[in-house]
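What follows is one structure encoded as structure tokens, with my remarks underneath.
The values are calculated or read from the model by the stated rules, or taken from the named source; none is laboratory data. Given the structure is predicted, the values throughout are model-derived calculations rather than measurements. Counting neighbours? That spans all protein chains shown, and the Cβs are built from the backbone with ideal geometry, glycine included. Each accessible area value is taken on the protein alone, full model and side chains, heavy atoms only, with ligands, DNA and RNA left out. Shrake-Rupley method; radii C 1.70, N 1.55, O 1.52, S 1.80 Å.
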Amino acid sequence: MTSDREHVHLTDLFRHVQSEKFPVDVHSPGKARRLVRRFCEAIGQPSDTAELLISELVTNAITHAKSPCQVTCVAPWDSPAWFEVKDESPQLPALREVDLGAAGGRGLLLMDALAEHWHVEEDSLHRKKIVCFSPKGEGHDTRSAQQAGVTVAAAAP
């Protein structure tokens, strides 16, 4: 059977895609960082910023949503790579006043400082959310957040 419509293959749109599920476990942020590092190496892109932001989002999924999460890394042919973290909570992230003595609470500040673009997609039907971001271009790494007055406290890989 043939069709008059042109069929588009995923490989026509995306040069590289990786996705992995992570359980509610203290080791999941580190494992997610390693996934992002391998992905960025495969596409020839620096990974520091993406690793830091993924670590924040996976930590939030485990700590606040108390749910497993799915990390997806996508490299389209004609635009910058983007990253997604889907968790099983409909609760949207909210900007909090930063307590400089606290160990957390800086995730959205980091996202604002280090992401070219980020947003949250609600899946109210399935009571889930997806946080998506694209890191700022090459040369903009975690040091830029520190220079902007954001304290970065990333765990070692």
The residue from Ala145, Ala75 that alone is farther than 26 Å from Val24 by Cα, open to solvent by less than 60 Å² (accessible area, probe 1.4 Å), at pLDDT 90 or above and not in a loop (DSSP other than H, G, I, E, B) is Ala75
Can you tell me which of (1) within 20 Å of Asp112 (Cβ to Cβ); (2) surrounded by fewer than 21 Cβ atoms within 10 Å (Cβ to Cβ); (3) among the hydrophobic types (A, V, I, L, M, F, W, C) is the one Val85 doesn't meet?
(2)
When region 106-134 is checked residue by residue, the ones that are of a type in the set (Gly, Ala, Ser) and either farther than 19 Å from Pro46 by Cβ or part of a helix (DSSP H, G or I) (or both) are Gly107, Ala113, Ser124
Enumerated helices (runs of 4 or more DSSP H) restricted to region 8-71, each holding at least 1 residues that are farther than 22 Å from His119 by Cβ and open to solvent by less than 20 Å² (accessible area, probe 1.4 Å)
28-43
Residue list for region 48-74, filter: within 13 Å of the chain's Cα centre (by Cα) and more than 14 Å from Arg37 (Cβ to Cβ)
Glu56, Leu57, Thr59, Asn60, Ala61, Cys69, Gln70, Thr72, Val74
Could you grab me the full set of residues in region 102-139 that are within 15 Å of the chain's Cα centre (by Cα), among the acidic types (Asp, Glu) and modelled with pLDDT under 90?
Asp112
